[in-house]
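This report refers to the structure that appears directly beneath it.
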Amino acid sequence: MLSMKKALSFVTILGVSGVLLAGCGNSSKSGSSSSSSSTKITAVGSTALQPLVEQAATDYQNANSGASITVQGGGSGTGLSQVQQKAVQIGNSDIFAEKQSGIKASELKDHQVAVVGMAPVVNKDAGVKNVTMDQLKKIFTGKITNWKQVGGKDEKISVVNRAKGSGTRATFEQAVLGGATAVKAQEQDSNGTVQKIVSSTPGAVSYLAFSFLNNKLQALSIDNVKPTDANVETNKWKIWSYEHMYTPATPNKEAEKFIKYIQSSKVQNGLVKKLGYISISNMKVTKDANNKVTNK
Amino acid sequence: MNPKIANKIADAVIYILVAIVVIILALLIGFILITGIPHISWHFLTSVSQSFSAGGGIRDQLFNSIYLLILTLIISFPIALGSGIYLAEYAPKNWFTSLIQTAIEVLSSLPSIIVGLFCYLLFVIEFQLGFSILSGAIALTFFNLPLLTRSIQESLESVPDLQRQAGASLGLSRWKTITGIIFPIAIPGIITGIILSAGRVFGEAAALIYTAGESAPAISYSNFNPFNPASFLNPMRPAETLAVHIWKVNTEGVTPDASQISSGSSAVLIIVILIFNLGAHYLGKHLYDKMTASK
Amino acid sequence: MDQIKAKLMKPSKETKQETVGKIISYTCIVAIMLLVLLVLYFIISFGMSTFTKNNVNLWSFLSGTNWSPGQVDAHGNPEVGALPMIVTSFAVTILSALVATPFAIAVSLFMTIIAPKHGKGFLQAIIELLVGIPSVVYGYIGLTLVVPFIRHLYGGTGFGILSGTIVLFVMVLPTITSLTVDSLKAVPRYYLEASLALGATRWQTIYKVILRAATPGILTAIIFGMARAFGEALAVQMVIGNATLMPKSLLTPAATLTSQLTTGIGNTVMGSLPNNALWSLALILLLMSLVFNIAVKFVGSKGDLNK
């Protein structure tokens, strides 16, 4: 009986201390963040950009002791809204802030850290390797519904879209659909899931970042232009976008230093390429938020 | 129909249904273990994960999962125990009690991502807990409470009233009867509840993405000061759990061995859960024997 | 004498214990209620802003079939029709609970009455194991095994409500089973003994006595199972196709409330219409599970032996 009482009071104490811990954790945290907020940086947003920023942060912290960088995902929308509210120092995004509804782009500062190329992919079964831009548009608007209409097998096309509002979808629709509305179809959020669905579903078509192309899928050429880094750099391959790291208009010094580090040639020529992105310094052209391309 | 024949038919139907379930479960677990175990090695369990190159391990993720579970139970078990006792022993049978029960059940049906976002906005941002194990534990408490409260309540209620009457006739207070007599008898049922809710903690991903975060910064296992940011015991550090790691490598993983890591991690997760469950059952039995004088 | 009198007049040790105990348990229940109210307030206030701030018509939200927040239709109203998702969510939830319940009851009977010795340890261990498998893993197993299987069997893409139901069936089975086991165990043993002593067969005992007595508990188990199915997102999203189309059959791609919510929430901005619309989905989800709860409670109270 006595031991029972002990056990119960122990449990209660644990509970209370848990709550207290939450309390002091909170206060000690806010205390420390006011004294050393300059070194603690949180970057939130795009899951596609996350591996790059995460690895860069690890390297950066190894070189600069005292810097503390937390990198989290959550999606481009989350990244942009959190940096706009100044809840975090850096918002990672696959999409121009101008193109995201609910964001005042003028309050944010854009830092482009990499370029990502995207390619339409089909299940190998379809027997198609090249389409024209017009055909591609008709496939995704639902006007072409069978692969035999574009020279493939007699097989129904099943379109897999990316999530509405995602950077990948915005880029693809801007480059391919030109304002037309995509057919209502499956929607998947992540490159990995799309990769698995397209490689296992006969007749499936979708689009993926270059780094997720593999030999289980067929990447399509458009108008006989192959989806390669070199073609993106000259804008011969039209479907590409920037990866952005947004900061408030007057950025945190440490955050700016970290972004400068990612834009440095060391990271651009090393990490960026290793992760399947295209270095911004290699680009021969620039693109603005309205998809206007100008030569550098 | 002849009751005896009906009895036989019913038996047969039950056996068939059970057999189907066993086959499905065996296939499922077999699939995970067979695809996963070949990728488990000492190196896999003891090295840190890699962002883009092959050969990463799951050391920190594994530890984070366990640590998160402990923190979650510390927060949620006392609350669930108190509420379970209230609902089983003190609550009058009226509309208000059933309102409370409905509210708790509704809590369990909220999608993880909603609870995750709620905790993100409230605890991570508003209370400045940051992406941390603590925020994650609070988020998971939301899922744990309904299940845990319910199973504590059920196990307490399933203790025969004779025991309560015996306690009362000895002149014990109701509280003493509950803690000294009823609770020990209910331990096995409560343990089952803990195990089920622990499973949920191990398997949860969506709610943790926004709270405990999806990165696992380097931590030191020799630093026992829980207030040091590098310490493995620090509840304020961001912590990616195994389930979140599986989710991450499957969705945006660019490592060449992403699918191996995913199946290896799933198998490890199952094995860890199995060990935890067996341990909890053993501990529960030990406690039961000790507290009920059944030995 | 005075001492004795004072002692008698003072609250006894037992009374004090009782007070302490009551305080502890009341505090806990109040804490839980506060949490619930907090979440409810949060979801309701976010979810209502679609209607209050963005002036979306409630009826067109519930009955519309076009879901593309951010775009406007011919009349300039935003296209936020949630009906396809509501229908699909209901369909997968009810179907998977319907499929899972007989299995769960059979397994629970097997574990508690028919073969408690063999069944219990083994089955219980597996069931407890299943709860801990992450949804993502269920999703990928569904994608690699269930979807191709359905495709071979019925043609089409294999993505749809049927695949979603199968995956959810396995996911809710542990929840329903373990809670059913609890409620079967709570049936007093003398019910069983009395019935057998009257010469009833085992099945008659089970069907006429035990299941009747356990009905409220089993119904609660089903609610919890449905709640899990309702709130599940990551696994369903992968196998159901996640297309915001009105489901025409069990085999066409569809989307549930949660799958849309999960895909969209990271890509929208707090406070904008597309984001608010997603919170409204969460609100619908909440209201629907409330309706489920109340309906099942009502049904359950009729079978209660204590009344």
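The values are calculated or read from the model by the stated rules, or taken from the named source; none is laboratory data. Bear in mind that the values here come from a model prediction, so they are computed numbers and not experimental data. So basically every Cβ, Gly included, is an ideal-geometry build from the backbone, and we count neighbours across all protein chains shown. SASA here: full protein model, heavy atoms, side chains in, ligands and nucleic acids out. Shrake-Rupley method; radii C 1.70, N 1.55, O 1.52, S 1.80 Å.
Worth a mention:
- The A:Val285 and C:Leu287 beta-carbon pair, evaluated with R₀ = 51 Å, returns a calculated FRET efficiency of approximately 0.50.
- Region B:146-263: relative contact order in percent, alpha carbon pairs under 8 Å with at least 6 residues between: 19 percent
- Over region A:217-296, equivalent-ellipsoid semi-axes from the Cα gyration tensor in Å: 27, 16, 11
- Once the convex hull of all Cα atoms in region C:2-79 is built, its volume per residue stands at 134 Å³.
- FRET efficiency for C:Lys120 and B:Ile66, using Cβ-Cβ distance with R0 set to 30 Å, rounded to 0.05: 0.65
- One quarter of the convex hull surface built on the alpha carbon atoms of chain A amounts to 20.8 nm², the projected area averaged over directions.
- Rotationally averaged projected area of region B:40-292 (alpha carbon convex hull; nm²): 15.5 nm²
- Taken over the alpha carbons of region C:96-163 as equal point scatterers, the Debye sum produces base-10 log I(q)/I(0) values at 0.18, 0.23 Å⁻¹ of -0.85, -0.99.
- Counts of other chain beta carbons within 10 angstrom of each beta carbon in peptide A:78-89 average 4.
- GNM top mover of C:Phe149, C:Phe292, C:Phe122 - chain C, alpha-carbon springs below 10 Å: C:Phe122
- Accessible surface of region C:2-79 [probe 1.4 Å, protein heavy atoms]: carbon and sulfur percent: 65 percent
- Computed E for C:Lys53/A:Thr250 - FRET, C-beta separation, R0 35 angstrom, nearest 0.05: 0.75
- Buried accessible area, chains C and B (both chains, 1.4 Å probe, Å² to nearest 100): 7300 Å²
- Rg(Cα)/(2.2 N^0.38 Å) for region B:248-295, N = residue count: 1.95
- Unit Cα scatterers, Debye sum, the protein assembly as shown: log10 I(q)/I(0) for q = 0.09 Å⁻¹: -0.92
- 10 Å Cβ neighbours from other chains, averaged over peptide B:203-211: 5
- Lys/Arg +1, Asp/Glu -1 at C-beta; region B:40-292 dipole; positive extreme among B:Ile58, B:Leu170, B:Asn277: B:Leu170
- Shielded residues, region A:170-216 - accessible-area loss of 30 Å² or more between chain alone and all protein chains, probe 1.4 Å: A:Lys184, A:Gln186, A:Glu187, A:Gln188, A:Asp189, A:Ser190, A:Thr193, A:Lys196, A:Ile197, A:Ser200, A:Thr201, A:Phe212
- A straight Cα-to-Cα reach below 16 Å connects C:Lys22 with the lysines A:Lys5, B:Lys176, C:Lys13, residues fewer than 8 places away in its own chain not being considered.
- Normalised contact order of chain C, rounded percent, pairs of Cα under 8 Å and 6 or more residues apart: 24 percent
- The alpha-carbon atoms of region C:82-306 define a convex hull whose volume equals 138 cubic angstrom per residue.
- Solvent-accessible area per residue in region C:82-306 equals 33 Å², computed with a 1.4 angstrom probe and all protein chains kept.
- Accessible area in square angstrom per residue, region C:2-79, 1.4 angstrom probe: 67 Å²
- Taking C:Met111, C:Met85, C:Met171 in turn, the Gaussian network model of chain C (Cα-Cα springs below 10 Å) assigns the largest fluctuation to C:Met111.
- Residues in chain B average 37 Å² of solvent-accessible surface per residue, probe 1.4 Å, ligands and nucleic acids excluded.
- Unit charges at the beta carbon, dipole of the protein assembly as shown: most positive-side option, A:Pro251, A:Asn269, B:Val106: B:Val106
- Take every Cα pair under 8 Å whose residues are at least 6 apart in sequence, average their separation, divide by the length of chain B, and the relative contact order is 25 percent.
- For region B:1-137, the C-alpha radius of gyration divided by 2.2 N^0.38 Å, with N the number of residues, is 1.64.
- Here's how it looks for B:Gly56: its modeled amide H is under 5 Å from those of B:Gln50, which are all 5 or more places away or on a different chain.
- Scanning chain C for DSSP H helices at least 15 Å long along the axis (C-alpha atoms) with a Kyte-Doolittle mean no lower than 1.6 picks out C:83-109.
- Label sites at B:Gln128 and C:Lys10, each approximated as a point 7 angstrom past Cα along Cα to Cβ, lie 4.8 nm apart.
- For A:Arg162, the residues 5 or more places off, or on other chains, whose built amide H falls under 5 Å of its own are A:Gln188.
- Where the Cα pairs of region A:70-156 fall when distances are cut into 10 Å bins, in %: 14, 32, 15, 24, 13, 1
- Among the listed pairs B:Lys8/B:Lys285; A:Lys156/C:Lys53; B:Lys4/C:Lys297; A:Lys104/A:Lys196; A:Lys109/A:Lys296, a Cα-Cα separation exceeding 32 Å is found for B:Lys8/B:Lys285; A:Lys156/C:Lys53; B:Lys4/C:Lys297; A:Lys104/A:Lys196.
- Between C:Tyr190 and A:Lys236, the modelled labels are 9.0 nm apart [label points 7 Å from Cα along Cα→Cβ].
- Accessible area buried between chains A and B, both sides summed, probe 1.4 Å, in Å² to nearest 100: 3200 Å²
- Interface residues of region C:209-232, defined as a loss of at least 20 Å² in heavy-atom accessible area between the chain alone and the complex of all protein chains with a 1.4 Å probe, are C:Thr220, C:Phe224, C:Ala227, C:Arg228, C:Gly231.
- The mean of 1/r over all distinct Cα pairs in region C:151-241, once inverted, gives the Kirkwood hydrodynamic radius of 15.3 Å.
- Between chain A and chain C, roughly 2200 Å² of accessible surface gets buried, counting both sides and using a 1.4 Å probe.
- Highest mobility in the GNM of chain C, judged by mean-square fluctuation with C-alpha springs under 10 Å and restricted to C:Leu198, C:Leu286, C:Leu143, is found for C:Leu198.
- Accessible area of B:Thr141 in the full protein assembly, 1.4 Å probe (Å², nearest 10): 10 Å²
- Equivalent ellipsoid of region B:8-65: semi-axes from √(5λ) of the C-alpha gyration tensor, largest first, are 41, 11, 8 Å.
- Solvent-accessible area assigned to carbon and sulfur over region A:183-262 amounts to 50 percent, based on a 1.4 Å probe.
- Surface composition of region B:40-292: carbon and sulfur make up 67 percent of the accessible area, probe 1.4 Å.
- Ranking of C:Met238, B:Met291, C:Met48 by solvent-accessible surface, largest first: C:Met48, B:Met291, C:Met238 (1.4 Å probe, protein heavy atoms only, all chains present).
- Globularity index of region C:199-307, i.e. its alpha-carbon radius of gyration over 2.2 N^0.38 Å: 1.49
- Grouping the Cα pair distances of region B:197-295 into 10 Å bins from zero gives a pair-distance distribution of 14, 30, 33, 15, 6, 1 percent in increasing distance order.
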